[in-house]
C-alpha cells in the first residue's frame, strides 16, 4: 500500500506504528500472524514507545470474501452437515478478523503523546495498552485456529460471503473511547458469550469435537475481553466523573441499533464482572 501507512511489516518503532501495520495488512492470515508478532514485541520490550500514528478509516482486507450488507447474507445452514459447519466457522473467522482490527484500532485511535519519560500517555496508563494488545493477540490466535480448522474441512476463509456490519461499530464510535468500549466489548463481544455455548453443543452433536474445542477456547478468552472492556469503561467513567450504569445505557441507546437480545449467558457475563443491572433494562 503506497501511502503514509506503509511500514516494515515485521518490525515497528512504536506501538501505534505496529497497530497501523496490522490494520493496513490485507491478507487475513498475515494480519493475524502480524498481530501476534507485534503483541509479543510489545510485551517483551522490543517495542517500547507508544507513538502517535493515526489509524486508517478502514482496515486492509483481502479480495475475498465478498462483503455484503447483513440483510443480504444467505441463511446459515445447520451445523449437522459439513457445509453447515464450514459456514459457521467461516462466519466466526470473519468476526475474529474484524476483532483483530478493532483491538488495534483502539490502541492507535485513543493513544496520546507520552509524558517526558516516554513511557505511556498521561490520559491512559500502560495497563490499558497492555490489555488491548493482549486482546489483539488472542483475536489473532482465534482467527488462525479457525482458518486451520476450515482447511482441515477442505475450505478456506474467503470461500463464502461475509457481512460488513462489524466495522460499522468502529466508525460509529471512533470519536469517543467510552462509546467504543460500551458497544464493541460490552455489546458485540458480550453477545458472543451468549451464543457460543449453543454452537459448541451443536458441533459436539454433529460429531465435530475439534471445532467445538476451538469455540470453547474462543468463549473462554472472550470472557477476558469483556472483562477488559468493562474495566476500562469504568476507568473512563471515573475519570469523567460520571456513573457507569446510566452512561453505558445512554451510549448503547445512541450508538447501537436495536435492542439487546435475550437469552443472556449470565454465568459468563458474571465472570466478566458485567452485571445484569447494566444490560437487562435494554433487553428486548
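The values are calculated or read from the model by the stated rules, or taken from the named source; none is laboratory data. Here the structure is a predicted model, which means the values were calculated and not measured. Ideal geometry is used to build each Cβ from the backbone, glycine not excepted, and the neighbour counts take in all protein chains shown.
If residue 126 satisfies every condition in (1) surrounded by fewer than 16 Cβ atoms within 10 Å (Cβ to Cβ); (2) touching a helix residue (DSSP H, G or I) at 6+ places or on another chain (Cβ under 8 Å); (3) at pLDDT 90 or above but one, which is the exception?
Only one criterion is unmet by residue 126, namely (2).
Select from the range 66-98 the residues that are in contact with a strand residue (DSSP E or B) (Cβ under 7 Å, 6 or more places away or on another chain) and either farther than 14 Å from residue 161 by Cβ or at pLDDT below 90 (or both) and list them in ascending order.
Listed by number, the residues that qualify are 67, 68, 69, 70, 73.
Among the residues of the range 134-154, is there at least one that is at pLDDT 95 or above, more than 21 Å from residue 218 (Cα to Cα) and not assigned by TED's automatic domain parsing to the domain that holds residue 240?
Taking the range 134-154 first, the residues at pLDDT 95 or above are 134-154.
Pick out the ones that are also more than 21 Å from residue 218 (Cα to Cα) and you get 154.
Pick out the ones that are also not assigned by TED's automatic domain parsing to the domain that holds residue 240 and you get 154.
Yes, the range 134-154 contains a residue that is at pLDDT 95 or above, more than 21 Å from residue 218 (Cα to Cα) and not assigned by TED's automatic domain parsing to the domain that holds residue 240.
Could you tell me whether any residue of the range 11-31 is more than 25 Å from residue 179 (Cα to Cα), touching a strand residue (DSSP E or B) at 6+ places or on another chain (Cβ under 6 Å) and either at pLDDT 90 or above or not in a loop (DSSP other than H, G, I, E, B) (or both)?
yes
Looking at residue 143, is it touching a strand residue (DSSP E or B) at 6+ places or on another chain (Cβ under 9 Å) and surrounded by 21 or more Cβ atoms within 10 Å (Cβ to Cβ)?
no
Looking only at residues in the range 50-62 that are more than 13 Å from residue 108 (Cβ to Cβ) and touching a residue at least 60 places away in the same chain (Cβ under 8 Å), which one is surrounded by the most Cβ atoms within 10 Å (Cβ to Cβ)?
62
Consider residue 225 carefully, then state whether it is within 21 Å of residue 98 (Cβ to Cβ), in contact (Cβ under 8 Å) with a residue 12 or more places away in the chain, touching a helix residue (DSSP H, G or I) at 6+ places or on another chain (Cβ under 8 Å) and part of a helix (DSSP H, G or I).
Details: within 21 Å of residue 98 (Cβ to Cβ): yes; in contact (Cβ under 8 Å) with a residue 12 or more places away in the chain: yes; touching a helix residue (DSSP H, G or I) at 6+ places or on another chain (Cβ under 8 Å): yes; part of a helix (DSSP H, G or I): yes.
Answer is yes for this residue.
Within the group 188, 215, 193, 282, which residue is free of Cβ contacts under 8 Å to residues at least 60 places away in the same chain and more than 22 Å from residue 128 (Cα to Cα)?
Working: 188 fails: more than 22 Å from residue 128 (Cα to Cα); 215 fails: free of Cβ contacts under 8 Å to residues at least 60 places away in the same chain; 193 fails: free of Cβ contacts under 8 Å to residues at least 60 places away in the same chain.
Within the list 188, 215, 193, 282, the selection yields 282.
Applying the selection to the range 240-262, what residues are without any contact (Cβ under 8 Å) to a residue 24 or more places away in the chain and either part of a helix (DSSP H, G or I) or under 18 Å from the mean Cα position of the chain (by Cα) (or both)?
246, 250
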